[in-house]
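Notes follow the structure.
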Amino acid sequence: MAEFYVDNTVRPRRSLLSVPAINLRALAKLGSLDCDGVIFDLEDSVAPEMKDEARDNLLTFFTQTPLIGRETMIRINPVSTNVGRDDLKAVIACQPNAVLLPKVEQPSDIHDVADVLAEADAADTLKIWAMIETPKGILNVAAIAEASHTLGARLGGFVIGLNDLRKETRVPAQPGRTYLVPWLMQVVLAARAYGLEVIDSVSNDFRDLDGFTAECAQGRAMGFDGKMLIHPAQIEPANRAFAPDEDALAEAHEIIAAFAKPESVGLNVINSNGRMIERLHVGQATRLVALAAIIDQRKAEKA
Ligand code: COA
Ligand code: MG
């Protein structure tokens, strides 16, 4: 089978706010919130008897009040169920940026959905994202990530789900997430091996913003691109924690400028004020500058 590499267009994903699709009051608030993306949830936050109404809410939302300039994902129920298959039809009708699959445990979970999207002629820009939130999901994460290289697989990234993972593994919630870190880093590693994005788990205590800020800093240090959120109060701390930091940005500009000089043609390493910089960092620097520019532009538009 031919291989291809997902074009994960550079976009900030510091803050992906989850909203129960049944909650009209919360849906109405979204236009005024400064999160980088929204996860419209049809899965665990919507009671079984409310799923139809929740889908209808999304159809209305996407036709009447589309979120411009923000990433949109719809989290569906497992497509092995009738509910999940109906959710996927709603996704195709709403045309968000991505469908987020719960409890992904093997590559076929991605391929099955990709096949349905292909059959429905869904645009190639409709990506699939995977929640990694079960023991099997963690154990198989490299194989799942590899699915992104299969023609038509559409896989864009992973979101960690610690509420499910803690439940399944019986590892209790503790400050610092000590015993979960090795599993989280496995997911980060698998994502990077295949050019995928990776988002840290929700934090349930939305009134404890100090604890949340500390968890964001930890997630950032582990290499996550951003965090899934449950409450508007978490947006600002997440945006701050996962934004390109000023020193890194200044360095990125320096690297780009240094390698753009005529005398740098043919050089892979340069002495920049007593420090070695390498051409291999130009790509990373360019990405960081692009991310910062998008964030600045949104700030300017809001002002
Ligand atoms: N998205 C958008 N707006 C939200 C929101 C969210 N996720 N969570 C709360 N709000 C709004 C509320 O509607 C309220 O608006 P109002 O001032 O117009 O009434 C305001 O923010 C303050 O909310 P607050 O009173 O502090 O909380 P709440 O009791 O209304 O909601 C939760 C608390 C936890 C029920 C709610 O935040 C929620 O449902 N979060 C998402 C849960 C989810 O998606 N789970 C699945 C993934 S783990
Ligand atoms: Mg879950």
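The figures follow:
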{"quantity": "The one condition in (1) of a type in the set (Val, Ile, Thr); (2) under 16 Å from Gly137 (Cβ atoms); (3) free of Cβ contacts under 8 Å to residues at least 24 places away in the same chain that Val104 fails to fulfil", "calculated": "(3)"}
{"quantity": "Test for Asp56: is it part of a helix (DSSP H, G or I) and at pLDDT 95 or above", "calculated": "yes"}
{"quantity": "Single condition Val113 does not satisfy, out of (1) part of a helix (DSSP H, G or I); (2) within 16 Å of ligand 1 (Cβ to nearest atom); (3) of a type outside the set (Asp, Glu)", "calculated": "(2)"}
{"quantity": "Extreme residue, farthest from Gln186 (Cα to Cα), among residues of the stretch 115-137 that are of a type in the set (A, V, I, L, M) and either in contact with a Ser or Thr (Cβ under 7 Å, 6 or more places away or on another chain) or crowded, with 23+ Cβ neighbours inside 10 Å (or both)", "calculated": "Ile128"}
{"quantity": "Qualifying residues in the stretch 71-91 (those that are closer than 16 Å to Ala21 by Cβ and either modelled with pLDDT under 95 or open to solvent by 40 Å² or more (accessible area, probe 1.4 Å) (or both)) - the one nearest to the chain's Cα centre (by Cα)", "calculated": "Lys89"}
{"quantity": "Boolean, Asn239 is among the polar types (S, T, N, Q) and either out of contact with any Lys or Arg (no Cβ under 6 Å at 6 or more places or on another chain) or assigned to a loop (DSSP other than H, G, I, E, B) (or both)", "calculated": "no"}
{"quantity": "Checklist (1) more than 13 Å from ligand 1 (Cβ to nearest atom); (2) modelled with pLDDT of 95 or more; (3) open to solvent by 10 Å² or more (accessible area, probe 1.4 Å); (4) not hydrophobic (A, V, I, L, M, F, W, C) applied to Asp36, failing item", "calculated": "(3)"}
{"quantity": "Filter pass, Ala248 being touching a strand residue (DSSP E or B) at 6+ places or on another chain (Cβ under 8 Å) and closer than 30 Å to Ile39 by Cα", "calculated": "no"}
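Okay, residues lined up against (1) within 15 Å of Asn239 (Cα to Cα); (2) more than 10 Å from ligand 1 (Cβ to nearest atom); (3) touching a residue at least 60 places away in the same chain (Cβ under 8 Å):
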site: Arg13; (1), (2), (3): yes, yes, yes
site: Leu24; (1), (2), (3): no, no, no
site: Leu27; (1), (2), (3): no, no, no
site: Glu49; (1), (2), (3): no, yes, no
site: Thr60; (1), (2), (3): no, yes, no
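The values are calculated or read from the model by the stated rules, or taken from the named source; none is laboratory data. Model, not experiment: these values are computed from the prediction. Virtual Cβ from ideal backbone geometry, glycine too; neighbours counted across all protein chains shown. Note: accessible area is taken over every heavy atom of the protein model, side chains too, but ligands, DNA and RNA are not part of it. Shrake-Rupley method; radii C 1.70, N 1.55, O 1.52, S 1.80 Å.
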